[in-house]
Amino acid sequence: MFIPKYTITDQLLTNITQINTLIRDFNERRFPKVILVEFEKIAREVSTFASTSIEGNPLPLTEVKKVLRSKPVNIRNSEKEVINYNQAIKTLHQQLQTNRLELSLNLILYIHKQITIGLLPSFESGKLRQKPVFVNDPRTGKVVYLPPDAELAKDLTIDLITYVNENSQKVDPLILAGIFHKQMVIIHPFMDGNGRTTRLITKVLLAKMGLNTFNLFSFENYYNQNVTKYFQTVGEYGDYNEISTSIDFTDWLEYFTGGLIDELMRVKKLLPNIGVTPDTQLEIHHLSILEYIKKNNFITDRNYAKLTDRAKATRTLDFQKLIDLDLIERKGKGRSTFYVLKKD
């Protein structure tokens, strides 16, 4: 039975509190749909670049964007890796909208197959490893970690899944997501693609708790800024058989939650400015409409006329702009027309 060792330090508690505050702030703010669509595209590109770059993919962000815009005719492995990861992000995000994703061994194997298809032999893509693997220091090339024996990989992975699912209502979801992330790296259940698979599953776990990194930001970006520190913190050194009972998750959980804060703060500064054009810019009169609806649940043209001295034809255009931006919707007809916030 998997029972992780960790301590809820003052720093970890502070990080969790700050993340929850930032999440509430994002959830309370509304942005035009055209802005959010553009932001989702950027977040997906950055996630794809960062997560593959962490594992040694040489393509710069500019090249990754080109590959995702137009699929090359003769695809190199580096490009295939980027295309696979991007497609996996899209698929998982779509499935999350239908609430069908639950953590399971099948989901982990499915994601691994998505990111490694065409890159690994068919008997290794979407399959747990049957052979030993070694983790090398990328700088020296020397072996620094020996993961569990191959015959233990399945049971250890199932134990981890059981722990996360059984504690979903008992342990803070941020801690659960962090524990899952590190333990998967420790188990190393696949011949290749362990890191990419782990980061995608972590995105799913965070999304189910309300922190959707598929359309908001890329926590992978934080790791990619200092890959050495990421590997040193998420990984372990030595032989799993000798260190398994002494592994402590505390330092990693502080780093993991600190990384989420770093990215959320970056996005908080960026989001109000992204995609702002004359067509998407909201003026004070548009904001007054939204504020009125928030307080009263609806607004009519008569209500709006009391808030502004704008002519009726202009007021109609104001309502239409908010409708076009997917922020409000029209209800009723004729003199009974009123407007409400658009439901997500």
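Checking the structure you have, find out if any residue of segment 86-100 is of a type in the set (G, A, S), surrounded by 16 or more Cβ atoms within 10 Å (Cβ to Cβ) and over 30 Å from I243 (Cα atoms).
yes
Starting from residues that are surrounded by 16 or more Cβ atoms within 10 Å (Cβ to Cβ) and either charged (D, E, K, R) or in the same structural domain as L36 (by TED's automatic domain parsing) (or both), keep the ones in segment 302-337 and report whichever is farthest from N27 (Cα to Cα). Steps first, please.
Step one: of segment 302-337, the residues surrounded by 16 or more Cβ atoms within 10 Å (Cβ to Cβ) are 304, 315, 318-319, 321-322, 325-328.
Retained after the next criterion (residues that are either charged (D, E, K, R) or in the same structural domain as L36 (by TED's automatic domain parsing) (or both)): 315, 318, 321, 326.
Working: R315: 28, D318: 24, K321: 22, D326: 16 Å.
Here the answer is R315.
Tell me yes or no: at least one residue of segment 49-61 is among the charged types (D, E, K, R) and either touching a helix residue (DSSP H, G or I) at 6+ places or on another chain (Cβ under 6 Å) or surrounded by 14 or more Cβ atoms within 10 Å (Cβ to Cβ) (or both).
Taking every residue of segment 49-61 in turn, at least one turns out to be among the charged types (D, E, K, R) and either touching a helix residue (DSSP H, G or I) at 6+ places or on another chain (Cβ under 6 Å) or surrounded by 14 or more Cβ atoms within 10 Å (Cβ to Cβ) (or both).
Does I179 count as part of a helix (DSSP H, G or I), of a type in the set (V, I, T) and under 22 Å from N20 (Cβ atoms)?
Answer is yes for this residue.
Rundown of residues vs (1) assigned by TED's automatic domain parsing to the domain that holds Q97; (2) assigned to a helix (DSSP H, G or I); (3) touching a Pro at 6+ places or on another chain (Cβ under 9 Å); (4) surrounded by fewer than 19 Cβ atoms within 10 Å (Cβ to Cβ), yes/no style:
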{"position": "V204", "(1), (2), (3), (4)": "yes, yes, no, no"}
{"position": "A207", "(1), (2), (3), (4)": "yes, yes, no, no"}
{"position": "F217", "(1), (2), (3), (4)": "yes, no, no, no"}
{"position": "N221", "(1), (2), (3), (4)": "yes, yes, no, no"}
{"position": "K229", "(1), (2), (3), (4)": "yes, yes, no, yes"}
{"position": "N241", "(1), (2), (3), (4)": "yes, yes, yes, yes"}
{"position": "T245", "(1), (2), (3), (4)": "yes, yes, no, yes"}
{"position": "L253", "(1), (2), (3), (4)": "yes, yes, no, no"}
{"position": "T257", "(1), (2), (3), (4)": "yes, yes, no, no"}
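The values are calculated or read from the model by the stated rules, or taken from the named source; none is laboratory data. This structure is a prediction, so every number in the text was calculated from the model and none was measured. As a convention, Cβ positions derive from the backbone with ideal geometry for all residues, glycine included, and neighbour counts pool all protein chains shown.
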